[in-house]
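Please read the structure below before turning to the comments.
The values are calculated or read from the model by the stated rules, or taken from the named source; none is laboratory data. As the structure is a computational prediction, the values presented were derived from the model and not from experiment. When we count neighbours, we look across all protein chains shown, and the Cβ atoms used for this are built from the backbone with ideal geometry, even at glycine. Ligands, DNA and RNA are stripped out before the accessible areas are found, and what is left, the full protein with its side chains, is counted by its heavy atoms. Shrake-Rupley method; radii C 1.70, N 1.55, O 1.52, S 1.80 Å.
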Amino acid sequence: MSDCIFCKIVKKDIPSEILYEDEWVLAFKDLNPQAPTHLLFIPKIHTENFIEAIEVPNIYDKIFNAIANLVKEKKWDTNGFRVVSNCGAKAGQSVFHLHFHLLGGRELTWPSG
Ligand code: 5GP
Ligand code: ZN
């Protein structure tokens, strides 16, 4: 999608701090971090949200494997992080290209609000 900010990040038209990349998945630091560790994991292919992405074969496997592998590789504390996807404007989604937030490095409260 030509006007999608995350598609532009995938194409490297917009710079980002990339921590992980493979054929399907890109992970980069959130521009406005809400925790010491705040990454966004996205499929390289454009799909709007968690429900639309069901059309993309194996996409959740690929994203969740990337998240778990990166946490393990970086030796981040596995006691206290959160993976969340806001689906729709009412849930706070502001970029309509599927993404999972990985938040960690501080105490996280629940419910998230
Ligand atoms: P949402 O609100 O859709 O769940 O999350 C979108 C996230 O994307 C926000 O946390 C916001 O800070 C982040 N974001 C928006 N634009 C950019 C950008 O250009 N670069 C990066 N790295 N993050 C962005
Ligand atoms: Zn996109």
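Within segment 71-103, the set of residues being within 16 Å of ligand 1 (Cβ to nearest atom) and aliphatic (A, V, I, L, M) comprises VAL83, VAL84, ALA89, ALA91, VAL95, LEU98, LEU102, LEU103.
The sole residue among ASN32, ASN65, ASN79 that is modelled with pLDDT under 95 and at negative phi is ASN79. Any idea which of (1) more than 16 Å from ligand 1 (Cβ to nearest atom); (2) touching a helix residue (DSSP H, G or I) at 6+ places or on another chain (Cβ under 7 Å); (3) farther than 19 Å from GLN93 by Cβ is the one TYR20 doesn't satisfy? Answer for TYR20: the failing condition is (1). The one condition from (1) open to solvent by 100 Å² or more (accessible area, probe 1.4 Å); (2) touching a strand residue (DSSP E or B) at 6+ places or on another chain (Cβ under 7 Å) that LYS72 does not meet is (2).
Kindly establish whether ALA89 is modelled with pLDDT of 95 or more and within 15 Å of PHE50 (Cβ to Cβ). Yes; evaluated as a whole, the condition is true for this residue. In segment 98-109, the residue that is farthest from THR47 (Cα to Cα) out of those that are buried (at least 16 other Cβ atoms within 10 Å of the Cβ) and away from ligand 2 (no atom under 14 Å from the Cβ) is GLY104.
Kindly check whether there is at least one residue in segment 71-81 that is among the small types (Gly, Ala, Ser) and within 17 Å of PHE6 (Cβ to Cβ). The answer is no; no qualifying residue exists.
Every residue, every condition in (1) within 16 Å of ligand 2 (Cβ to nearest atom); (2) under 13 Å from the mean Cα position of the chain (by Cα); (3) closer than 20 Å to VAL10 by Cα, yes or no:
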site	(1), (2), (3)
PHE28	yes, yes, yes
LEU31	yes, yes, yes
PRO43	yes, yes, yes
ILE63	yes, yes, yes
ALA66	no, yes, yes
LYS74	no, no, no
GLY80	no, no, no
LYS90	no, no, no
GLN93	yes, yes, yes
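For segment 75-97, the condition holds for at least one residue, the condition being that it is farther than 21 Å from LEU108 by Cα, open to solvent by less than 70 Å² (accessible area, probe 1.4 Å) and either part of a helix (DSSP H, G or I) or small (Gly, Ala, Ser) (or both).
Matching residues to (1) away from ligand 2 (no atom under 16 Å from the Cβ); (2) touching a residue at least 24 places away in the same chain (Cβ under 8 Å); (3) polar (S, T, N, Q):
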{"site": "ILE14", "(1), (2), (3)": "no, no, no"}
{"site": "ASP22", "(1), (2), (3)": "yes, yes, no"}
{"site": "HIS38", "(1), (2), (3)": "yes, yes, no"}
{"site": "VAL56", "(1), (2), (3)": "no, no, no"}
{"site": "CYS87", "(1), (2), (3)": "no, yes, no"}
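Taking segment 6-64 as the region of interest, the strands (runs of 3 or more DSSP E) fully inside it that hold 2 or more residues being open to solvent by 10 Å² or more (accessible area, probe 1.4 Å) are 18-21, 37-43.
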